Amino acid sequence: MRVKRSFSQRLKDNGKRIKADRACYFMIAPFMLLFITFTVLPVAAAIGLSFTDFNMLQTPNFVGLDNYRTLFLNDDVFIIAVKNTLILAMVTGPLSYIACYVFAWFINELPGKLRAIMTVVFYAPSISGGVLTIWTYIFSGDRLGILNSFLVRFGFIDAPIQWLTDTDYMMTCCIIVQLWLSLGTSFLSFMAGFKTVDTTLYEAGAIDGVKNRFQEVWFLTLPQMKPQLLFGAVMQIASSFAVGAIPMQLTGFPSTDYATHTIIAHVQDYGSTRFELGYACAISTVLLLVMLLVNKVVNKVLVDN
Amino acid sequence: MRRIRIHKQLNRSHFGNFTIFFGLVAVGVFMALPLYLSIVTSLKPPEELFIFPPRFYVVNPTGKNFSELFQLVTDTVVPLSRYLFNSIFVSVASTTFGVIIGAMAAYPFAKKKFLGRETMWKLIMLTLLFSGGVTALPSYIIKAKLGLIDTYWVLILPQLASTLHMFLMRQFMLQIPDVLLDAAKIDGAGDMRIFYHVVLPNIKPAWMTVMVLTFMSVWNTGSAGVIWSEPLKLLPTALSQITTAAISRTGVAAAASVLLMVPPIVSFVVTQSKMLQTMAHSGIKD
């Protein structure tokens, strides 16, 4: 009796609270509706459809774990894609995270006007979408390619190298370009973080025996910037595992021997080219799970330290 | 006077200053080189484009690549002005509604208590992770099922649901003092009035940042893949279509990429201080 009453009482209380806060729900409603439609629903759809043989035309049939079985046991290209994605993400993710921090720190050491200019120089690549074409010119395989002509002229190599189709170099080229344009949101966040650090802390630190700016950053600034570091980590994971567009544009799709084939490229292959959408959704789901896992681990490491 | 100077130079050696400066310049050259090369290449006449070794500067700069690019765009079925109109229309609609809808949602999440707030916020934070192209395929399926493909809506609506932008505005609102809101409440203002007259003016840097970020996102995402009708395509898509077609040459392609990179970079240069002000609040407190 008592349990039942308290439950109905709670329901009534909640109803009252919702009514009292109706202005709040009214204000968040448009955003939440769009958020659910374009962010939550796609994730749910990916998970749901990954258990079917959906192809956009016929009604999907439930096939259980078939897609996942094929993915891990019979799809050699997927294994290559996973390997490539991990290499790209594990190299560019941490490297660009550190680069974002170190360059934000160094630029912040500069005097006013110079600081503003350098911020633009370092941030510009990440927002100038169309510039990718110049990289194909730099890495162009003939003698007129910028890198080749430079290396031939100074005698480092005798014949031009096919940077974007030779499997020995493709991955390195992608990593360089990916790093080049990765100083984005996290970089800005760190830049801003350095500005907010309380400078009296540095004076106190100097009295306590902080001898140089490296010690200053390590002992004083880093601990203060934890919120920005956490945010930056999320941004870096989001962009480094979603790698795909740049390799596809640089080295072609599909790339030679799948040397720069990523999970995203594999999704595109099955989704847009072969219309095996159920299977493509299974690939997306695996990527989502990997990202969630990595995010958990990175968060734990950052919070504990 | 001297004392203040010493304070400013605390723990800063001249040697360190110079090392940092030249190190930054070296990396800065690498960062700027592709942008610089795009500009140089776009100004080169044909006879300078195809010499060995390629020059890092231009002897007789010409606007021919740009005029040729405009000619190519004009020769297509759709006039250039239409692509430009599409880009402007979608940008303006996305930035305006994006700020209104995002800020309106950010306010309760920052300053109000209501049932389900924590759960919803956790979900939103989780999806910050998926802002990349990871869900592109299932999103496409949803957009197709809703009949949005090949309309302006497919370009505008997803921009309005950006969790990152909403998050940035919410973080900025957290630092508005509660007394300010309470004072307005005592004066008899309702939530909408407080939002419009107190909150919005106080988060100006944040919504300006979100406008710039939305514009960059619209500009750089383009309309490839979701728009098939030529008259609805955005300018960047039209330009890259032309430059990837067989008719193009290196110079024309470079001219197109220069045109594409100018608007986002200029918008950042103009709003840099506002954006940094906003980003100062971007931290995640656990």
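The values are calculated or read from the model by the stated rules, or taken from the named source; none is laboratory data. On a predicted model such as this, the values are computed, not experimentally measured, just so you know. Neighbour counts are summed over all protein chains in view; Cβ atoms, including those assigned to glycine, are modelled from backbone coordinates with ideal geometry. SASA here: full protein model, heavy atoms, side chains in, ligands and nucleic acids out. Shrake-Rupley method; radii C 1.70, N 1.55, O 1.52, S 1.80 Å.
To the nearest 20 Debye, how big is the dipole of the protein assembly as shown about its Cα centre, given +1 on the beta carbon of each Lys and Arg and -1 on that of each Asp and Glu? If you can, show how the numbers build up before the last one.
Working: 46 positive and 31 negative charges, 531 e Å.
Result for the protein assembly as shown is approximately 2560 debye, rounded to the nearest 20.
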Interatomic Cα distance distribution for chain A, bins of 10 angstrom, percent
5, 18, 23, 23, 17, 9, 3, 1, 0, 0
Take the range A:1-49, drop everything but the C-alpha atoms, weight them equally and run the Debye formula without solvent; then report log10 I(q)/I(0) at 0.15, 0.32 Å⁻¹ to two decimals.
-0.66, -1.03
Output the residues of the range A:29-57 meeting this criterion: accessible area (heavy atoms, 1.4 Å probe) in the chain alone minus accessible area with all protein chains in place is 40 Å² or greater.
A:F31, A:M32, A:L34, A:F35, A:F38, A:T39, A:P42, A:M56
In a GNM of chain A with a 10 Å cut-off on Cα contacts, which of A:F103, A:F78, A:F187 has the highest mean-square fluctuation?
A:F103
So the carbon and sulfur contribution to the accessible area of the protein assembly as shown, 1.4 Å probe, in percent, is 66
Mind putting together the pair-distance distribution for the protein assembly as shown? All Cα pairs, 20 Å bins, whole percent per bin, short to long.
18, 50, 28, 4, 0
Given backbone amide H placed at 1.01 Å from N, residues whose amide H is under 5 Å from that of A:T52, ignoring those fewer than 5 places away on the same chain, are A:V63
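What's the longest piece of chain B with no exposed chymotrypsin sites (Phe, Trp or Tyr not before Pro), counting a site as exposed if DSSP puts it in a loop and it has at most 13 other beta carbons within 10 Å?
Details: sites that count: B:F50, B:F56, B:Y57, B:W228.
Value returned for the longest uninterrupted segment is B:58-227.
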To the nearest 10 degrees, the tilt of helix B:136-145 (Cα long axis) against the first principal axis of the alpha carbons of chain B is 80
Between B:V262 and A:F156, what is the label-point separation in nm under the 7 Å Cα-to-beta-carbon projection?
3.3
Rough spin-label spacing in nm, given labels placed 7 Å along Cα→Cβ, for A:N14 and B:S229
4.5
With +1 on each Lys and Arg Cβ and -1 on each Asp and Glu Cβ, how big is the dipole of chain A about its Cα centre, in debye rounded to the nearest 20?
1840
Go ahead and collect, in residue order, the members of the range A:226-268 whose backbone nitrogen is under 15 Å from a label point 7 Å along the Cα-Cβ direction of A:L86.
A:241, A:262-263
To the nearest Å², the heavy-atom accessible area per residue of chain A with 1.4 Å probe amounts to 49
I'd like the mean, over residues of B:108-117, of how many other protein chain beta carbons sit within 10 Å of each residue's own Cβ.
5
Name the residues of the range B:163-208 whose accessible area, probed at 1.4 Å, falls by at least 10 Å² once all protein chains are in place instead of their chain on its own?
B:T163, B:L164, B:M166, B:D191, B:M192
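Give me the summed buried accessible area for the A-B pair, 1.4 Å probe, to the nearest 100 Å². Before the final figure, lay out each step's value.
Details: alone 19100 and 17860 Å², together 28520 Å².
Its buried surface, counting both partners, is about 8400 Å².
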Where in chain A are the helices, taken as whole DSSP H runs, whose Cα atoms extend 20 angstrom or more along the long axis and whose Kyte-Doolittle mean reaches at least 1.6?
A:277-304
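Using the Kirkwood radius built from alpha carbon pairs, what does the Stokes-Einstein equation give as D for the range B:77-279 at 4 °C and 1.567 mPa s, in µm² per second? Walk me through the intermediate numbers first.
On the way: Rh = 18.9 Å.
Reported coefficient: 69 µm²/s.
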How far is helix B:64-75 tilted off the main Cα axis of chain B, in degrees rounded to 10, range 0 to 90?
80
Relative contact order of the range B:28-71, defined on C-alpha pairs under 8 angstrom at six or more residues apart (%)
38
Answer in debye to the nearest 20: the dipole magnitude of chain B about its Cα centre, from +1 Lys/Arg and -1 Asp/Glu charges placed on Cβ, is 1060
Using the alpha-carbon atoms, what tilt in degrees (0 to 90, nearest 10) does helix B:80-111 show relative to the longest principal axis of chain B?
20
Sorted largest first, the C-alpha extents of the range A:40-174 along its principal axes in whole angstrom are 60, 46, 26
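Residue by residue through A:290-301, how many Cβ atoms from other chains fall within 10 Å of the Cβ on average?
Working: counts 1, 4, 3, 0, 1, 3, 0, 0, 0, 2, 0, 0.
Rounded to a whole number, the mean comes out at 1.
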Among B:S42, B:F52, B:M31, whose Cα sits farthest toward the positive end of the charge dipole of the range B:2-62 (+1 at Cβ of Lys/Arg, -1 at Cβ of Asp/Glu, about the Cα centre)?
B:M31
When the Kirkwood hydrodynamic radius is evaluated over all pairs of different C-alpha atoms of the range A:145-235, what value in angstrom, to one decimal, is obtained?
16.9
Tell me the relative contact order for the range A:128-240 as a rounded percent, counting alpha carbon contacts under 8 Å between residues six or more apart.
19
The relative contact order of chain A, taking Cα pairs under 8 Å that sit 6 or more residues apart, comes to a percentage of 27
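With N set to the residue count of the range B:2-62, report its C-alpha Rg divided by 2.2 N^0.38 Å to two decimal places. Please report the intermediate quantities before stating the final value.
Details: Rg = 20.0 Å, N = 61, 2.2 N^0.38 = 10.5 Å.
Cα Rg divided by the expected 2.2 N^0.38 Å: 1.91.
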Let me check I've understood the local charge: for B:A183, count other residues with C-beta under 14 angstrom from its C-beta, Lys and Arg +1, Asp and Glu -1. What total comes out?
0
